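Undergrad: I'd like to ask you about the structure that follows.
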Amino acid sequence: MQDTILNHIPKQAQAQVLQLLEEDGLSVIVKKERKTRHGDYRKLPNGKHQITINSNLNSYRFLITLIHEIAHYDAYKRYGRFIKPHGLEWKHSFQHLMLPFLNPDVFPLKLLPLLARHFKNPKASSDTDTALAYALKQYDPPNDKTYVFEVPQGSAFKLYNGRVFKMVGKRTKRYECVEVKSGKVYLFNPNAEVEVIASA
């Protein structure tokens, strides 16, 4: 298990991660890509705890996601099961566990200011932090995806499930888009990954 995980994280973070994973009741499984999440944590019926992480994440996003999920386990141990999934207890655990990794031996210098800002008040998903998500994307292998905020007004794009939309324009924080098939209006987060297509 640990060998697989170590292949996915920056070398300078490996010893620290191994210390965090010495817990007897915690297992980590690396899975194929899931479109709706980078990872998850759950308590199993047998009382053990399990974390799953997507295998397709770049090493920096993988590390952030892994610590995010370990923070769920840590918060559960410290505060019990009646806490909010991404409430104050989890935020404190995440900040505490992530702090030793926020240095230039682990992360590139240009990511550190964005990570420092993000971890002042970490969100349920780093994807909701548009600047950080975009910066992390630069370390992904090249692909044909782009972010919604990069789609020109009037252009068409499709999602991983094949649904086609046309860009209308920006509201305060999100982007208004019309589904071509139904004519319904949807709001997208700026950093939703999409595939731009020539015409709808």
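Undergrad: Only residues in region 39-60 that are touching a residue at least 40 places away in the same chain (Cβ under 8 Å) count as the first member; pair them with residues that are in a strand (DSSP E or B), Cβ under 6 angstrom, at least 6 apart or cross-chain, and list the lot.
TA: Taking only residues 6 or more apart or on different chains, the pairs are ILE53/VAL30; ILE53/GLY39; SER55/VAL30.
Undergrad: Now for a different question. Identify all residues within region 44-58 that are in contact with a Lys or Arg (Cβ under 8 Å, 6 or more places away or on another chain) and not small (Gly, Ala, Ser); write none if there are none. Outline the logic, then answer.
TA: Restricting attention to region 44-58, the residues satisfying the condition of being in contact with a Lys or Arg (Cβ under 8 Å, 6 or more places away or on another chain) are 49-50, 52-56.
HIS49, GLN50, THR52, ILE53, ASN54, ASN56 - these are the residues of region 44-58 that are in contact with a Lys or Arg (Cβ under 8 Å, 6 or more places away or on another chain) and not small (Gly, Ala, Ser).
Undergrad: Give region 4-46 a look and list any residue that's of a type in the set (D, E, K, R) and either in contact with a Cys (Cβ under 8 Å, 6 or more places away or on another chain) or part of a strand (DSSP E or B) (or both), or say none. Break it down into steps so the answer makes sense when it comes.
TA: Filtering region 4-46 for residues of a type in the set (D, E, K, R) gives 11, 22-24, 31-35, 37, 40, 42-43.
Hits for region 4-46 are LYS31, ARG34, ARG37, ASP40, ARG42, LYS43.
Undergrad: List every residue pair whose Cβ atoms sit under 7 Å apart, with the two residues 6 or more apart in sequence or on different chains, where the first one lies in region 97-124 and is not assigned by TED's automatic domain parsing to the domain that holds TYR73 and the second, anywhere, is modelled with pLDDT under 95 and exposed (fewer than 14 other Cβ atoms within 10 Å of the Cβ).
TA: Pairs that qualify, where the first residue is not assigned by TED's automatic domain parsing to the domain that holds TYR73 and the partner is modelled with pLDDT under 95 and exposed (fewer than 14 other Cβ atoms within 10 Å of the Cβ): there are none.
Undergrad: Could you look through region 30-60, keep only residues that are surrounded by 14 or more Cβ atoms within 10 Å (Cβ to Cβ) and among the β-branched types (Val, Ile, Thr), and pick out the one that is nearest to TYR160 (Cα to Cα)?
TA: ILE53
Undergrad: Let me ask something else. Anything in region 61-89 that is under 20 Å from the mean Cα position of the chain (by Cα) and surrounded by fewer than 21 Cβ atoms within 10 Å (Cβ to Cβ)? List them, or say none.
TA: Of the residues in region 61-89, the ones under 20 Å from the mean Cα position of the chain (by Cα) are 61-75, 84-89.
Listed by number, the residues that qualify are LYS84, PRO85, HIS86, GLY87, LEU88, GLU89.
Undergrad: Go through (1) under 21 Å from VAL28 (Cβ atoms); (2) of a type outside the set (Val, Ile, Thr); (3) surrounded by 15 or more Cβ atoms within 10 Å (Cβ to Cβ) for LEU114 and report which single condition fails.
TA: Among (1) under 21 Å from VAL28 (Cβ atoms); (2) of a type outside the set (Val, Ile, Thr); (3) surrounded by 15 or more Cβ atoms within 10 Å (Cβ to Cβ), LEU114 violates only (1).
Undergrad: While we're on this one: State yes or no: is LEU97 modelled with pLDDT of 95 or more, surrounded by fewer than 18 Cβ atoms within 10 Å (Cβ to Cβ) and under 30 Å from LYS77 (Cα atoms)? First the steps, then the outcome.
TA: On the way: modelled with pLDDT of 95 or more: yes; surrounded by fewer than 18 Cβ atoms within 10 Å (Cβ to Cβ): no; under 30 Å from LYS77 (Cα atoms): yes.
Taking the combined requirement at face value, the residue does not satisfy it.
Undergrad: Show the residue pairs that are 6+ apart or on different chains and have beta-carbon atoms under 7 Å apart, the first residue being within region 13-26 and in contact (Cβ under 8 Å) with a residue 24 or more places away in the chain, the second being aromatic (Phe, Trp, Tyr).
TA: ALA13/PHE101; GLN16/PHE101; LEU26/TYR73
Undergrad: Please work out which one of (1) in contact (Cβ under 8 Å) with a residue 24 or more places away in the chain; (2) in contact with a Phe, Trp or Tyr (Cβ under 6 Å, 6 or more places away or on another chain); (3) more than 17 Å from ASN143 (Cβ to Cβ) is the condition VAL180 fails and give its number.
TA: Against the list (1) in contact (Cβ under 8 Å) with a residue 24 or more places away in the chain; (2) in contact with a Phe, Trp or Tyr (Cβ under 6 Å, 6 or more places away or on another chain); (3) more than 17 Å from ASN143 (Cβ to Cβ), VAL180 comes up short only on (2).
Undergrad: Tell me which of these SER182 doesn't satisfy, since it passes every other one: (1) modelled with pLDDT of 95 or more; (2) under 17 Å from ARG61 (Cβ atoms); (3) of a type in the set (S, T, N, Q).
TA: (2)
Undergrad: For region 24-60, which residues satisfy the criterion of being out of contact with any strand residue (DSSP E or B) (no Cβ under 8 Å at 6 or more places or on another chain) and farther than 30 Å from PRO142 by Cα?
TA: Result: ASP24, PRO45, ASN46, GLY47.
The values are calculated or read from the model by the stated rules, or taken from the named source; none is laboratory data. If you're wondering where the values come from, they're calculated on a predicted model, not measured in any experiment. When we count neighbours, we look across all protein chains shown, and the Cβ atoms used for this are built from the backbone with ideal geometry, even at glycine.
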